[in-house]
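For reference, the structure discussed in these notes is given below.
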Amino acid sequence: MALNKHNLFNFYKDRAPMFKVMSMFMQKWDSKQKTRGYHGEHIPEGRWLKLFQKKLDGVAQMDASLSGKANDETPMVLQTFAVLEKRLDVAVFRAMFASSVRQARQFILAGEVKVNGVSIKQPSYPLSPGDVFSVEPDRVLQALGEKKPSLKEAYKVDREQVIQWQKFVNRAKSDPLKVWQNQRSKQKKMRETYRDLYNPELPPSELEDVVARYDSRQESKINELGKKLNSITRNTILADIVNTAKAVEGEVNASVFEPQFGAALANKCFNIYQMVANNKALFEGGENEMNEEISKILPKYVNGQPQGKFYDDTKAKKVKQALSELKSGYLEKVRKDHKEQAPSEDAIVSTWVSRLIKHPKLPSWSEVQEKGAYKVDLPWQKSMWGLEDPSKPYFTPWRPRQFIAPFAVLPKHIEISFRTCHAVYMRNPVARPGESELLKSKFPASQAAQELRWIQQELPKSQWHTAVELRARLVPLQYILGSQPFGDLTIKCKPGVLIPRNDTEEWCEELKQIISKCGEPAEVVEYCTGSGCIGLSMATLANVKKVTALDINKQALALSEENLRINSAKIKAKVEFHYGDLLKHQFPKTTATLLLSNPPYIPREHFSTDGGVEESVLKYEPENALVGNLEFYSALCELVRQGPIEGFVFELGYREQAEHTKSLLPSWTCGIRYDSRRNIRNVIGWKPSWNILQSMCDEIL
Amino acid sequence: MLAFRAQPPKAQVVRVSQVRYNRVLAYPSYTTKGYIPPSRGGRKQTVFKKLMDEFLGHKNYKGQYYDNRFAFLKQNHSTNYIDRRFAEGKTKLFAEQSEEGGAYEERPLSEPKDQLRPFSLNRFTVTNTMVSKDMKKQLVSEVLDEGKPLLEVAVKYKMKIQRIEALVKLHQIEMQYQEEGKITPTMEKFADVMYKAFPLFDPEAHGENLTEIPIPSETLHSRFVTIAESEPFGPVDAAKEFGLEPAAETLRKVTEEGEHALSVTNNTKVHKTFVAPMHEGDRVAYKFTDVKVGEVGYRYGKPYRDNRKDRKYAFDNAGKMYPVLE
């Protein structure tokens, strides 16, 4: 699924499918359509069915029972598509090095993807745990970055930007304060709205802004200070002192001069005041008279010669000297004050406006087309829009493309290093309680389950809708799926007939080997055949001529006939199924010398969950195929004695059943066979012609 | 002929197609079909296009959907997924001013893990978390510099051994790239943006379960066994019954050798080889390797089904694909 806005909208408006109003086929079809469109849509249906693996990987948590919490459901069905995640193209997409699987394929085909340092050009390359894969960084930046604009697109945007800028400058020049305030509030709002989001268009944050402004302000402040300091002379200081003293009503003291000169210089000022206090021209005349008097005390010097009238007495010299001292102190104070004092908003605005310069007109499109480039010098952008470095395949300066956020999912089975565009494929994704390790499927588990069914297609359509509920009610999986492998046969299962067990399969395979090795033609009779598995597996041998199988259950006989049809390609012997009740001693007329049987052998008293039988077995498997004891073995021995039988193999579960059989056939050689889990499984008896059966025995009775 | 055709049919057959299922187009639940919008600029506009435009919001002349909250990656180590907070048409960033009634209330998430769920319909899909730079630095130094055993580090950080190995491996690659000066400022920027767009790994909240073992396929089928009433029957007995090794043993293998240790059977065959002694005048030494007939080369007369659909392929060390001879 590509990371684009169209997919996002479809995903946004998507709702859970309305399975309630759909028939089973609709559900399957709909689910298949949607999930296949999402997972590996680039893989044709036939290929996908080849890839699909029936075994879905899950994990069990060993501390689940210790935690004391209810165990969360394990979403095994979501693993349906897990096999696709091994593919290199999918892994590259999951690691967010490409914006879609198809793009990942392109990168791979172009040789931009390496696995363990080797360039791989097959998108279907299967990754194995521990593999490190990497993609050329430029490609990753291209995949996840904004699209690179064409020259025309860039030009269009820049033309618009320049127009907007010119208008803005005009507005700012005509009403600086208003535009300034508008701009500030607008930027504040933007920052508020895009808080915590990555928006490349956002103006620099307040802090950077202040720093930039401060720098420019410093410059203007220094100029201002220079002017101010130049304007201060001894004359102006004396004038200030006189004016200050004049303004005071009553007694003049040092504190009067504090506001202008500061506490440190106030005393000096007061001394000067005391020196000139008796000068009536200074204090009683007008401003002109005062200035004249001051210029007499502090004459102007031209080429080292004082100009005009001046006092040349010691008193005036003392005043001059005191003023000189005061001046240096006062200049220092002014400088310090100026540094600390913030400039007014007006000052900032006026400097800001004075710096706004209109952008030169962009060349016409035909000119740009000819040259292939143009110059831009906007305050926020110093080159063509998105084409700062036209050699790169992505928008420069790089910025993430839009609408990737809702799709940005870090996979659990891949560890990614975005700095180097490398990733490690740690393991194949699995399902664990409450979580599916990857499946970035956006679909609910119910839909995945339907897809899984579509693939398996093992049941007649009419039974689909009940299958899941059936399993929830502990119905054995073989009944739902409808079949069970038995050796190289596929045995169909149906409720009411015993499911072939692995234990039976095991001894049947062993027996088959023995019979085929001996090579002599044989004929087999089987009692309690059920699904027909034992008889049919014997019938696959080349040297078995005929198999006669009997069962009391007519449903089982019908099923075994069906199994014969299904597996007819592999069956070499003639197979007959007959009705027969073992306990009523209904025996077939046959010339067979080998008798096989898997009679019911679980004693009634053990047939409960306490006895170790699984609940699903108790509930759904036929009781008459499971419960029974010595009576069946007695009947079988009767059959052995009557017929032409010279060898037999019976399945059983208890030693006493074997001993019972031996006691009824004292003239026979009998043995016991244990299965691979060291449980007693068979009693075997033979006359000299079937001596080969001895090799199956682990113990002779 | 014409005259014949002009005659009206004698019996009029009314065909009523059987409607089994009214297919409803996938309109979003928050809106109805509404009116079919008029064409714009000579181009026909569909209802879905209109609805999508409404969802995406305005686009400025720079092509930016400035008003859509999903257009931007988060930068505060959280996710920006479509969840119940922003469902039902609440995708606009500037809605506070434009819509009457002011700001809409964000519906809170029901549990903190919801923040990690990208798809609201599928609660089983959970995003991974980013290991913070500090934690990664510490973890790598513990493994490489202090030489702590991986299992100890795994338990400390509640992280699977494979992930620790991967982090260390990627760290080494990063160091190498840095030395070679291959990491450009643009790559740094990209990494930084992606780093801030995901939640950070917190061992308490996101710690991995270190006691996980693959479910054996044998346990997916039912087995029954009869035992005496007084006979104790525990998990180990059950494992025996299934012919499996005890789970503790499996867990040991998984933690020490990795999960693939279970599935991989020892397929590496060691072929006997020897170099024949050289005689005077020989220019090359001959090396002889014992192989089984049929495993090497093409055996004459063997069916060679190169048009089979599911042929096996393998890759050589140079990354080149070749069909496996079967």
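Every read-out reported here was derived from the displayed coordinates using simple, explicitly stated rules and does not represent laboratory data. All of these numbers come straight from a predicted model, not from anything done at the bench. Every residue, glycine as well, gets a Cβ built from its backbone with ideal geometry; the counts of neighbours run over all protein chains shown.
Annotations for the structure displayed:
- Highest mean packing comes first when the peptides A:677-690, A:85-98 are listed by Cβ atoms within 10 Å, giving A:85-98, A:677-690.
- Near A:His422, the amide H atoms lying under 5 Å from its own belong to A:Ser417; only residues 5 or more places off or on other chains count, and H is placed 1.01 Å from N.
- Only the Cβ atoms of Lys and Arg (+1) and of Asp and Glu (-1) were treated as charged; on that basis the dipole of the protein assembly as shown about its Cα centre amounts to roughly 5080 debye.
- Phi-based couplings in Hz for segment B:249-257 (Karplus 6.51, -1.76, 1.60; Gly and Pro marked x): 5, 4, 4, 4, 4, 4, 6, 7, 10
- Comparing A:Pro485, A:Val319, A:Met96 along the charge dipole axis of chain A, the residue lying farthest to the positive side is A:Val319, per the Cβ-charge model.
- Take each residue in B:193-204, count the other chain C-beta atoms within 10 Å of its C-beta, and the mean is 3.
- Computed about the Cα centre, the dipole magnitude for segment B:133-197 is approximately 360 debye when only Lys and Arg (+1) and Asp and Glu (-1) carry charge, each at its Cβ.
- When each of the peptides A:583-595, B:139-151, A:133-145 is scored by how many other beta carbons lie within 10 Å of its residues on average, the order from highest to lowest is A:133-145, A:583-595, B:139-151.
- Neighbouring Cβ atoms from other chains, within 10 Å of the Cβ of residues in B:226-234, number 3 on average.
- A simple rule links phi to the HN-Hα coupling: the Karplus curve 6.51 cos²θ - 1.76 cosθ + 1.60 with θ = phi - 60°, which for segment B:159-172 gives 9, 5, 4, 4, 5, 5, 4, 5, 4, 5, 4, 5, 5, 4 Hz, with x for Gly and Pro.
- Between the listed residues B:Pro185, B:Leu200, B:Phe119, the Cα displaced farthest toward the positive end of the dipole of segment B:105-247, a dipole computed from Cβ unit charges relative to the Cα centre, is found at B:Pro185.
- Residue-wise HN-Hα coupling along segment B:47-60, computed from phi with Karplus coefficients 6.51, -1.76, 1.60 (Hz; x: Gly, Pro): 4, 5, 5, 4, 5, 5, 4, 5, 5, 6, x, 6, 10, 7
- Applying a threshold of 22 Å to the alpha-carbon distances of A:Lys5/B:Lys62; A:Lys178/A:Lys228; B:Lys62/B:Lys92; A:Lys189/A:Lys375; A:Lys86/B:Lys74 flags A:Lys178/A:Lys228; A:Lys189/A:Lys375; A:Lys86/B:Lys74 as lying beyond it.
- Neighbour-count ranking [beta-carbon atoms within 10 angstrom, fewest first] of B:Glu111, A:Glu509: B:Glu111, A:Glu509
- Residue pairs, from the table B:Lys133/B:Lys196; A:Lys392/B:Lys189; A:Lys227/A:Lys339; A:Lys147/B:Lys182; B:Lys59/B:Lys90, whose Cα atoms sit over 19 Å apart: A:Lys147/B:Lys182
- Residues whose placed amide H lies under 5 Å from that of A:Gly145, excluding near-sequence neighbours: A:Arg401
- Across peptide A:192-199, the average count of Cβ atoms from other chains found within 10 Å of a residue's Cβ is 6.
- Among B:Asp83, A:Asp337, sorting on how many other beta-carbon atoms sit within 10 Å of each Cβ, with the fewest leading, yields A:Asp337, B:Asp83.
- Cut-off under 5 Å, modelled amide H: who pairs with A:Val575 long-range: A:Val547
- Relative exposure of B:Met187, B:Met278, A:Met538, judged by other C-beta atoms within 10 Å (fewest first): B:Met278, B:Met187, A:Met538
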